Amino acid sequence: MNASSRPPSPDDETPKGTQQSEEFGELLRYTLPGYLLSLIVGGIFDTQGLERSAVGQWLVRTLAGEGESLFEGLFALKQRLQQKTFSMAQAYGWGKALGMVIPWIIDWGSRAVGIDVYGIEGFYIPFFYAMSDQMGASLAGFIYLRQRTGSVGQALRTYVTHPVMLSSALVIVLVPIGLLGARLLGFSPTTQVYTALETIAANLCWVPPLVGLWVERRRHRA
């Protein structure tokens with residue numbers, strides 16, 4: 001089988017490793033501003049006596065759990081406007097941006113039906129704020145691999161050997177376990193700053209891009 005006819009592998013995406021490293025590095029730079037903004041906004045709400053404001057929690061969780069998704073969506077849009085070759089990092093950014101709305105629906109829907117968002121049963125709310133964009137990124141990554149490989153089977157095989165996709169799946173599984181454990185131990189987001197801290201702790205979306213950056217730099221050095 002010659003090089004033009006074989007299915008692409010993760011190693012084929014960036015022959016020199018430079019473009020993907022730069023793109024994943026750019027995605028990583030978008031995480032910290034969301035964390036900082038959520039703590040600042042949470043502190044402002046708390047000082048105004050709005051520790052349990054539903055709107056405040058929505059805003060704080062959006063910034064802490066999805067702030068980077070806003071920037072990553074803009075990154076993906078910028079790359080498309082510049083007509084750069086569509087890459088795994090861009091697919092990752094688009095997926096995260098498109099997954100942002102889901103937790104808003106879950107949050108306000110849970111409040112509407114009377115779920116205690118401060119109790120054990122409300123542990124899933126920060127999970128979706130922190131991880132729905134990650135799930136969107138994982139799905140977008142799989143679709144990208146499906147388009148690259150031309151078959152679902154080959155895409156699955158590539159998916160389970162791709163470090164970014166594997167680390168993405170891992171954090172999606174581990175985060176709800178950690179959130180539930182913290183609630184069982186008595187933690188409750190009774191202030192906006194606590195809400196921000198809980199969501200920041202759950203938002204491990206920086207892990208897969210960091211893995212991607214590390215892998216690509218190793219390939220480049222090799």
- Item | Residue-count net charge about Ser110 - beta-carbon cut-off 12 Å; Lys, Arg +1, Asp, Glu -1 | -2
- Stretched fully, the stretch from Trp104 through Leu166 gains (0.36 nm per residue minus C-alpha distance, one decimal, in nm) 19.7 nm
- Message: Just to be sure I understand the model, the point goes 7 Å from the Cα along the line to the Cβ. What's the resulting Leu180 to Asp116 distance in nm?
- Response: 1.8 nm
- Phi-based couplings in Hz for region 148-156 (Karplus 6.51, -1.76, 1.60; Gly and Pro marked x): 6, 8, x, 8, 5, x, 5, 4, 5
- Which residues does a label at Arg52 reach in region 109-132, if reach means a backbone N under 12 Å from a point 7 Å past the Cα toward the Cβ? 116-119
- Using θ = phi - 60° and the Karplus curve 6.51 cos²θ - 1.76 cosθ + 1.60, what whole-Hz ³J(HN,Hα) does each residue of region 55-63 get, with Gly and Pro shown as x? 5, x, 5, 4, 5, 5, 5, 5, 5
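All of the numbers you see were taken from the coordinates with simple rules; none came from a lab. Everything quoted here is computed from the prediction, not taken from an experiment. Every residue, glycine as well, gets a Cβ built from its backbone with ideal geometry; the counts of neighbours run over all protein chains shown.
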